[in-house]
1. Any idea how far apart residue 51 and residue 85 come out in nm if each label point goes 7 Å out from Cα toward Cβ?
2. Quick check: Cα centre of segment 124-161 to Cα centre of segment 167-215, how many Å?
3. What relative contact order, as a whole-number percentage, does segment 139-251 give when Cα pairs under 8 Å and 6 or more residues apart are counted?
4. How long are the three semi-axes of the equivalent ellipsoid for segment 9-141, computed from the Cα gyration tensor as the root of 5 times each eigenvalue, in whole Å, largest first?
5. In square nanometres and to one decimal, what's the mean projected area of the convex hull around the Cα atoms of segment 179-290?
6. Using a 7 Å offset from the Cα along the Cα-to-Cβ direction at both residue 214 and residue 148, what is the distance between the two label points in nm, to one decimal?
7. Rounded to the nearest 0.05, what FRET efficiency do residue 263 and residue 236 have when you use their Cβ-Cβ distance and R0 = 25 Å?
8. Need one number: nm distance between label points at residue 44 and residue 276, each 7 Å from Cα along Cα→Cβ, rounded to one decimal.
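Every number in this text was worked out from the coordinates using simple rules, so none of it is lab data. From a predicted model like this one, the values you see are computed outputs, not experimental measurements. So basically every Cβ, Gly included, is an ideal-geometry build from the backbone, and we count neighbours across all protein chains shown.
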């Protein structure tokens with residue numbers, strides 16, 4: 001294995017990693033070290049096999065399982081595509097949130113009590129244009145904050161609430177099902193990453209500072225979001241089939257970008273792991289949402 005840095009601040013491109021081979025302790029240590037340093041790693045020509053992706057991800061932590069896996073791909077994986085069960089392009093669903101509502105920077109699964117560790121996103125089919133995924137290193141963001149801001153946020157927590165975040169973007173819901181599935185969860189706004197560097201932990205799901213009203217919280221959260229998403233902190237990954245991007249949810253944010261989703265197929269599949277614990281559905285309240 002050798003690693004090329006793809007961005008001045010972070011992102012390592014790992015060359016010579018065979019994800020179809022048995023995962024040795026040496027491989028685990030090498031990837032853990034690379035992730036601690038770069039926070040986002042790109043593996044080229046990864047195996048396009050669901051079971052290889054699952055086995056590789058499990059070597060680094062317990063899987064966060066999708067709630068009610070689909071029939072098109074392995075049930076242990078998240079289907080990050082615009083395809084239906086038959087592999088055809090899904091049509092718009094009246095009344096459902098528009099995919100554009102999710103094209104903002106976030107971290108995966110902040111609405112869960114178990115701490116999410118990494119996500120592994122593997123490209124099978126990509127559109128000829130558009131559909132990049134953008135990444136931000138929130139360690140670099142934190143380090144560049146003025147000292148006065150670091151002091152201000154050091155002991156604050158943010159409330160993450162997907163239902164409320166979508167409401168604030170104008171999405172209208174006919175029932176409370178999504179609110180029950182994605183409960184509000186509080187997490188520290190500053191945490192220490194695997195490298196020992198401090199990082200911001202938030203995203204567009206963060207709707208308030210714990211203990212503050214939304215009106216009191218919004219100016220601070222907006223200021224942090226605007227600072228964090230400056231172009232100098234962003235790496236934009238243009239996908240090729242066989243690319244697997246691994247990112248540390250504890251010290252990065254990511255965002256999908258637009259593409260012509262009703263014209264071009266896009267088939268990406270994601271494994272997500274937690275720091276510890278049993279393998280349980282990522283949507284912890286899925287069974288109570290009826």
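1. 2.3 nm
2. 13 Å
3. 31 percent
4. Each semi-axis is the square root of five times an eigenvalue, giving 26, 19, 16 Å.
5. Quarter of the Cα hull surface area: 10.6 nm².
6. The two pseudo-label positions are separated by 2.9 nm.
7. About 0.75, to the nearest 0.05.
8. Here the modelled spin labels are 3.8 nm apart.
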